[in-house]
1. Hey, among Glu199, Glu172, which residue is more than 28 Å from Ala29 (Cβ to Cβ) and at pLDDT below 95?
2. Quick one: how many residues across the stretch 163-198 are within 18 Å of the chain's Cα centre (by Cα) and part of a helix (DSSP H, G or I)?
3. When only residues in the stretch 15-44 that are aliphatic (A, V, I, L, M) and more than 12 Å from Leu110 (Cα to Cα) count, which is surrounded by the fewest Cβ atoms within 10 Å (Cβ to Cβ)?
4. Return the pair list, or none, for Cβ contacts closer than 7 Å from residues in the stretch 77-101 that are within 12 Å of Leu15 (Cα to Cα) to residues that are part of a loop (DSSP other than H, G, I, E, B) and not polar (S, T, N, Q), at least 6 apart or on different chains.
5. Filter the stretch 225-263 for residues that are over 29 Å from Thr136 (Cβ atoms) and among the aliphatic types (A, V, I, L, M); which is surrounded by the fewest Cβ atoms within 10 Å (Cβ to Cβ)?
6. Could you tell me which of the residues Arg158, Arg222 is surrounded by fewer than 18 Cβ atoms within 10 Å (Cβ to Cβ) and of a type in the set (Lys, Arg)?
7. What strands (runs of 3 or more DSSP E) completely inside the stretch 214-303 contain at least 3 residues that are over 30 Å from Arg35 (Cβ atoms)?
Amino acid sequence: MAQHTQNSSKSVPKLRLGTRQSPLAVAQAEETRRRLCAAHGWDEDAVELVKVRASGDKIQDRPLADIGGKALWTRELDIWLAEGKIDAAVHSMKDVETIRPDSLTIAAILPRADVRDVLIGAASVNAIPRGARIGTSAPRRAAQMLYHRPDCTIVFFRGNVATRLAKLAVGEADVTLLAAAGLERLGQTGTGTPLPADEWLPAPAQGAIGIECNTADAETCRSIGAINDPASQHTVMAERALLAALGGTCHSPIAVLATIDGDQITMRASLFSSDGLERVDGTARFAAEDLDAAADLGRDLLDRASPAIRTLFTGLS
């Protein structure tokens, strides 16, 4: 960890926090900085935000799965961590690869925000006009929508929140879906209609911010660990364990939500075929730290899935 010297000559830690430079990513980094400074009694300038343009932000005209998957959100920050240009990196956990190198450690998960998807352009899924065009690049959202509304069609939509809202405004689609957490962090609450999470399951780790450090940097890992939210960590890691067991990729339509009550997690998950015509559901309840139980649910889902679903996953099938 770097050191920072104030005008008083008092030496306090200075942490270089890496972030993508999109508005939402910067908002998440600013939240992380506020929490770190509050936890450690630091002045705001004790944490420097270092912005990088990620590969995923540079390429907007193709589906993520076709150009490198989730690694496009983490690649530059991973390199900067390895080179010592930053001390820690802030990520949207739903965008972080399931398998991470041992050289990196997710030292904290912030309190998870609203996990729901927000429907924009209609008051409800049932109220979407017949034959409407649904703008999304997410296989989960596409398949889930086609499951409920097979009369609709999917049109490709990528970009940050502002870009997607602009595309909707000019008529490139009739309806789109965005994460409630992202809208909230950008100060856009009240945009669209949140879909009930018990009826429309979110993506794995949706709404969660994670901070990753070099595993060998024990001091930074301890500093970041001070803002970890255990309940959010348990649910997010359980969802990631399910995803790992499934061998889920950017092509895989998977919806899951883990909730925690005391030391027990309840997990609901659904897998879809790409066209939304087929679906398999599962529920499990297990101890908060029992990631093997989350993986077991993944194996059970694959065991019961149709070939059209199983082909979208590379896990224990």
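1. Numbers: Glu172 fails: at pLDDT below 95.
One residue alone meets the criteria, Glu199.
2. Adding up the residues that qualify gives 7.
3. The first filter runs over the stretch 15-44 and keeps only residues aliphatic (A, V, I, L, M), leaving 15, 17, 24-27, 29, 36, 38-39.
Pick out the ones that are also more than 12 Å from Leu110 (Cα to Cα) and you get 15, 17, 24-27, 38-39.
Numbers: Leu15: 26, Leu17: 21, Leu24: 19, Ala25: 27, Val26: 17, Ala27: 17, Ala38: 11, Ala39: 15.
For the stretch 15-44, the residue satisfying everything is Ala38.
4. Listed pairs, sorted by first residue: Asp87/Met1; Asp87/Asp217.
5. For the stretch 225-263, the residue satisfying everything is Ala226.
6. Values: Arg158 fails: surrounded by fewer than 18 Cβ atoms within 10 Å (Cβ to Cβ).
Answer to the check: Arg222.
7. 264-272, 279-287
Each row is one residue, and each column tells you yes or no for (1) in a loop (DSSP other than H, G, I, E, B); (2) under 13 Å from the mean Cα position of the chain (by Cα); (3) at pLDDT 95 or above; (4) surrounded by fewer than 19 Cβ atoms within 10 Å (Cβ to Cβ).
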site	(1), (2), (3), (4)
Trp80	no, no, no, yes
Ile86	yes, no, yes, no
Ile99	yes, no, no, yes
Ala107	no, no, yes, no
Val115	yes, yes, yes, no
Val118	no, no, yes, no
Pro129	yes, no, yes, yes
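The values are calculated or read from the model by the stated rules, or taken from the named source; none is laboratory data. Here the structure is a predicted model, which is why all the values come from computation and not from measurement. For neighbour counting, all protein chains shown are included, and Cβ atoms are generated from backbone atoms with ideal geometry for every residue, glycine included.
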